[in-house]
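So the structure is just underneath, and the comments pick up after that.
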Amino acid sequence: ANCNVKPTWTTSDATVATVKDDGTVTGVKAGTATITVAYSETVKATCEVTVKAKVIPVTAVKLDKETAEVTEGDKVKLKASIEPDNTTETKDVIWTTSDDTIATVVDGVVTTLEPGTVTITATSKANASINAECKITVNRRVIPVTAVKLDKETAEVTEGDTVKLKASIEPDNTTETK
């Protein structure tokens with residue numbers, strides 16, 4: 001018997017797994033490859049190797065704004081980004097509002113409804129413990145007085161008597177003191 005016969009190691013798919021002369025197998029990409037060790041055409045053994053994709057987890061959610069100040073009725077667009085950029089997990093986020101009477105949020109578009117302060121949160125869909133927040137201050141929309149009218153254009157009053165004039169302002173929905 002020849003004791004100097006060295007085995008031959010081969011892989012069925014070097015794009016999935018490679019094998020060194022000492023039998024060390026390295027996973028290259030997700031998939032399956034058959035590793036064969038042969039001492040001759042008839043003396044051999046195989047091992048099916050499954051290479052699993054490396055998981056690169058989400059580590060952070062970032063928002064393009066940490067705070068915003070807007071007027072009621074206005075919209076604010078928030079942009080969320082996931083770190084690291086090469087994560088293998090989903091880059092989707094779940095948007096929530098701390099008070100949907102002050103503002104709502106859909107896909108990062110915040111619609112303000114009432115004056116107040118609200119926190120908009122973007123949470124990683126891959127890991128619910130990872131999120132970012134934007135505190136939004138919603139200010140009351142100022143609707144100025146545009147006209148003042150009296151209930152009479154002319155009036156007569158006798159000496160010693162009084163006449164009451166009534167003033168009204170427009171528009172009716174002014175936010176200024178009536």
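At a glance:
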read-out	value
Residues of the range 127-143 satisfying the condition of being more than 20 Å from THR67 (Cβ to Cβ) and open to solvent by 70 Å² or more (accessible area, probe 1.4 Å)	ALA128, SER129, VAL142
The range 10-24, residues that are open to solvent by 60 Å² or more (accessible area, probe 1.4 Å) and in a strand (DSSP E or B)	THR10
Residue that is farthest from THR71 (Cα to Cα), among those in the range 144-174 that are in a loop (DSSP other than H, G, I, E, B) and of a type in the set (Lys, Arg)	LYS164
The range 36-75: number of residues that are of a type outside the set (Val, Ile, Thr), part of a strand (DSSP E or B), farther than 30 Å from ASN127 by Cα and open to solvent by less than 50 Å² (accessible area, probe 1.4 Å)	1
Test: residue in the range 165-176 that is at pLDDT 90 or above and either under 30 Å from SER98 (Cβ atoms) or polar (S, T, N, Q) (or both)	no
Every residue from the range 154-173 that is of a type in the set (Asp, Glu), surrounded by fewer than 10 Cβ atoms within 10 Å (Cβ to Cβ) and under 60 Å from the mean Cα position of the chain (by Cα)	ASP172
Residue match in the range 112-126 (condition: charged (D, E, K, R), in contact (Cβ under 8 Å) with a residue 24 or more places away in the chain, open to solvent by 30 Å² or more (accessible area, probe 1.4 Å) and within 30 Å of VAL55 (Cβ to Cβ))	yes
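The values are calculated or read from the model by the stated rules, or taken from the named source; none is laboratory data. What you see is a predicted model, and the numbers here were worked out from it, not measured in a lab. FYI the Cβ positions are ideal-geometry reconstructions off the backbone, even for glycines, and counts take in every protein chain you see. What goes into the accessible areas is simple: the full protein's heavy atoms, side chains included, and nothing from ligands, DNA or RNA. Shrake-Rupley method; radii C 1.70, N 1.55, O 1.52, S 1.80 Å.
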